[in-house]
Each structure stands twice: as C-alpha cells, then as structure tokens.
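Let me begin by presenting the structure, written as structure tokens, before commenting on it.
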Amino acid sequence: GRDPNLRSVFSLYVEPFTVIARRDAGIDRFEDLKGKRVNIGNPGSGQRSTMDKVMAAMGWTAEDFAVTEDLGLDEEAKALCDDKVDAAIFMVGHPNQAMANAINSCGAILIPLPSELIYQMVSHYPYYRSATILGGTYTSNADDIHTFGAVATFVTSARTDPLVVEQVVRAVFENFDKFRSAHPAFASLKREDMTSVGLTAPLHAGAVRYYREAG
C-alpha cells in the first residue's frame, strides 16, 4: 500500500514503454502482438503494471496472446534472440544495453504505438508522460518512435536526515553538467523539470531547503 514516509528528492528521465520484436515475427504494428508470444513482464514490476493497463486499454487479456511470459529485464532480450518469444516489453531509460544487444545480435526491431493508446495512457494516469525514442538511438530505428512512459524518480524516506538530502541535491545541481554526462539518458535533463515534474511523492524537506536557497 501507500507509504506515507516516501519522499522525492528529484525526478530524472522518462522510462518509455518500449516494444521490440523479432524481425521474422510478422509484427509491424502494436496491434500485431495479438496471437504472438509476448513477454509481458514479471508480476510486481512497473513494466508488468503498465502492460496490464495497456492491455485493458486495448481490450486484451492474456488469452489474446499465443504465449505470455513473465521474464525480468535481464532475461527477456536473450529469450527474444533464442526465439522463445516474438516480442518483449521494456520500460527503461534509453539507450539501454540489453535492448541494444537484442537489436544488434538478432536484428530485433522497435514497434511504434498507436497515437490513440498514447493519448489514453497519458490522459488517464497522471504518472505517465508522452515520450519519444529518437531516431538513430538504435540501429533498427531510423525514425522517431512515439510512446509514453513513467518518470524515474530519486526517492528517500521522510526519516532521512535533511542535511544528508540537502548535500546530495547540492552535489548534483552544482555539478550539473558532470551529472548529465554520466549516462546518455541524463543528457536532456533540465533543473526546473527535476524539481517539479513526475515526482512520485512530496519533496523531502532537505531538498526543499536547497531548492529555495538556489531560487
């Protein structure tokens, strides 16, 4: 259930809902997943929770697929290349090495989502945002892939010492260019968005202290 002691420190990048498929699986559109072998994610994961909502929006159940697997992120790329599934769902920041391995090793392709589905997910659930996987991120996506995703958030407990949280935030925001260079998914981060967009819980008092001091 809800954790009343959860506190946000800052938000990060969007983790897009991403569909990749074997090139020989006959999947060109998201709707083509029906009747296929699909990894829908392991129970309890954000990936599975989102796929459950997507399936409901599409009017699908598990019976609409030939096979459903509940593999974790570290297993599904291998399962795709081993021809154990036709398609797999990822919710990760991009570029992602596991996805790149599947694309480069067995020619997997990215599958676009219907615009109606993206609109429905973003308008119905406040924790999702529209997202774009830029063309050229992987060898198999020359064009932009439009989708939606959840915003990754750095969180802590209300019981964490405010001074500790303030020091962490200060270290990030006063070395912001270095922080953004740590991973390609961080490259488009904006200070203003990190303090207000997609926060999972109320801001921690230590984070608020620094943000007010920094204006």
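Observations on the structure shown:
- Cα point-scatterer Debye curve for the stretch 122-215, base-10 log of I(q)/I(0) at q = 0.13, 0.20, 0.22 Å⁻¹: -0.57, -1.09, -1.20
- Euclidean distance of C-alpha centroids, the stretch 77-114 and the stretch 127-197, integer Å: 22 Å
- For the stretch 54-213, a Kirkwood hydrodynamic radius built from all Cα pairs, placed in the Stokes-Einstein relation at 37 °C and 0.692 mPa s, yields a translational diffusion coefficient of 178 µm²/s.
- Of HIS204, HIS183, HIS94, HIS124, the order by accessible heavy-atom surface (1.4 Å probe, DNA, RNA and ligands excluded), from most exposed downward, is HIS124, HIS183, HIS94, HIS204.
- GluC sites (Glu not before Pro) restricted to the stretch 139-215 and DSSP loop, no more than 13 other C-beta within 10 Å: GLU174
- Per residue, the convex hull spanned by the alpha carbons of the stretch 17-116 comes to 89 Å³.
- Each helix, a run of at least 4 DSSP H residues, gives -39500 (n - 2.57); summed and divided by the residues of the chain, these come to -9500 deg cm²/dmol at 222 nm.
- Cleavage-rule hits, trypsin sites (Lys or Arg not before Pro), the stretch 60-143, DSSP coil, Cβ neighbours within 10 Å at most 16: LYS84
- Expected-Rg normalisation [2.2 N^0.38 Å, Cα atoms] applied to the stretch 74-139: 1.24
- Lys-Lys pairs in the chain that are eight or more residues apart or on separate chains and whose Cα atoms lie under 28 Å of each other come to 9.
- Rounded to 5, percent antiparallel among DSSP beta bridges of the stretch 1-155: 80 percent
The values are calculated or read from the model by the stated rules, or taken from the named source; none is laboratory data. Predicted model, so just to flag it, every value in this text is computed and none were measured. FYI the Cβ positions are ideal-geometry reconstructions off the backbone, even for glycines, and counts take in every protein chain you see. Calculation scope for accessible area: heavy atoms of the full protein, side chains included, ligands and nucleic acids excluded. Shrake-Rupley method; radii C 1.70, N 1.55, O 1.52, S 1.80 Å.
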